[in-house]
Every structure is written in C-alpha cells, then in structure tokens.
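What follows is a single structure, written as structure tokens, with notes after it.
The values are calculated or read from the model by the stated rules, or taken from the named source; none is laboratory data. Everything numeric here is computed off the predicted structure, so don't read it as measured data. A quick note on method: Cβ atoms are made from the backbone with ideal geometry, for glycine too, and the neighbour counts reach across all protein chains shown.
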C-alpha cells in the first residue's frame, strides 16, 4: 500500500495556522497548488474545514517540521507508518446488483438462456449477479415465479453493459465445440419418387456392328406398326 497523505486540505490548514512553513513547502507536501494554500491562509478557501494535526495522525514528526522551518529549500517527507495495512485483494464473485434491480434478474436470466444458450452458468452469474440454483430453476421451469417471467435484455435492464455481454458471448464461442458435418442419409419417399421421375432412361442405339442388322425384320416391324400385313415369304 503506497504511503499517501490523508486529508490534505485539513493538514494544510493546520500547517498554515501552526507553523512558519512557506506556502511552497506546504503545497508540495499536501499536493496542492501554491495559490490554493495562499487562499487558505487568507481565509478565501477551505472554509468550514477543521485543521488536522499531521503529528497526531503519525504523518509528520516534530523534527521534520523544525528542519523544514529552518531550511526553506527542504521538502517535507511523510513519516513511515507505524502500522502496515496489507493491500486488499479484489474479491471474485457475482456482480453486485442494486436492490431495485434484483427483481429483474430472473427475466434477464431467461433472456440469456434463450438467446445465448452457449453461455455457461458461471458467465451468467458474472453478468447478472445471480446463483447457479436460480439459473437451474429457470432452465427447468421450477422457479417460483416461472409462469410470470418475461425474457428481457440485461443490458436494457441495466444489469450489465453491452461490452461485458459481448465479451462473454465471444468467450463462449471460442469454447463451443465444432458442429459435426452431415453425413449421407436416406432419401425420403417424396425425394425417391422425384428422383425416379427425373431419371432419364438410356437410349438403346443400333448395334455396334452394322453387319448384324436384319433389314427384313426391321421392315416387317414397321409394317406391323402401320397395320399392314407383312409380305409372304417367297417360295424357293
């Protein structure tokens, strides 16, 4: 945790009233502008703020103040804190949802389940700040208010931002298994009938060897098709 000055304006007021430090020294120590410190000294700024003794708060020592008062070029330095406060780690968990918006979470969950089935339960929990039990109840239609639920966009409800929703959807798409390619299948009866009608029968052409063609048989066939009697075979 970085060592920073607490209540800089209140500290500046105390230093102006109780020390002979220059405005520049006070401004540099309190991270203020020199003109602002001058206005504090004139009573034109920070009115109504009570001064805080930095020695009592452990941020300055008497020796450091005396050294700066004797040397106008000396810059005040914060005293080392007596107690080290460890930096707090960011708590990982579901997103906090305001009380006024909590009644809208089931509708938002229903919208996410229907429109983005690829989202995992953990992602829905991060987006709307819910629990796995509630998600399962809505999916299985066992929620106590399931009959009255209406799918509503969580972004419109203010439960999450559009950027957060897009990021979760993109992350879910990366882990989505590829769709299996469709293999061969049987034709339906309608397709089979249509296929049989559209199929052209191959033409039967003349024999490949013209010497094998029987001319008498061909003429006899033609005459029979016209209704004419074939000529009697000649007697030898």
The number of residues in the range 1-16 that are within 16 Å of residue 66 (Cα to Cα) and in a loop (DSSP other than H, G, I, E, B) is 0
Quick one: which residue in 108, 146 is surrounded by 12 or more Cβ atoms within 10 Å (Cβ to Cβ) and more than 23 Å from residue 173 (Cα to Cα)? 146
Within the range 41-53, the residues that are buried (at least 18 other Cβ atoms within 10 Å of the Cβ) and more than 20 Å from residue 78 (Cβ to Cβ) are 46
Long-range neighbours under 7 Å by Cβ, at least six apart or interchain, first residue without any contact (Cβ under 8 Å) to a residue 12 or more places away in the chain within the range 46-75, second outside any loop (DSSP other than H, G, I, E, B) and surrounded by fewer than 13 Cβ atoms within 10 Å (Cβ to Cβ): 55/62
Result of the Cβ filter at 9 Å on the range 137-152, keeping first residues that are farther than 16 Å from residue 112 by Cβ and partners that are at pLDDT below 90, at least 6 apart or interchain, is none
Conditions (1) at pLDDT 90 or above; (2) assigned to a helix (DSSP H, G or I); number of the one not met by residue 150: (2)
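Among the residues of the range 156-174, how many are over 15 Å from residue 103 (Cα atoms) and assigned to a helix (DSSP H, G or I)?
13
Please enumerate the residues belonging to the range 3-29 that are within 20 Å of residue 72 (Cβ to Cβ) and surrounded by fewer than 18 Cβ atoms within 10 Å (Cβ to Cβ).
First pass over the range 3-29, keeping only residues within 20 Å of residue 72 (Cβ to Cβ): 11-12, 14-29.
Matches in the range 3-29: 17, 18, 19, 20, 22, 24, 28.
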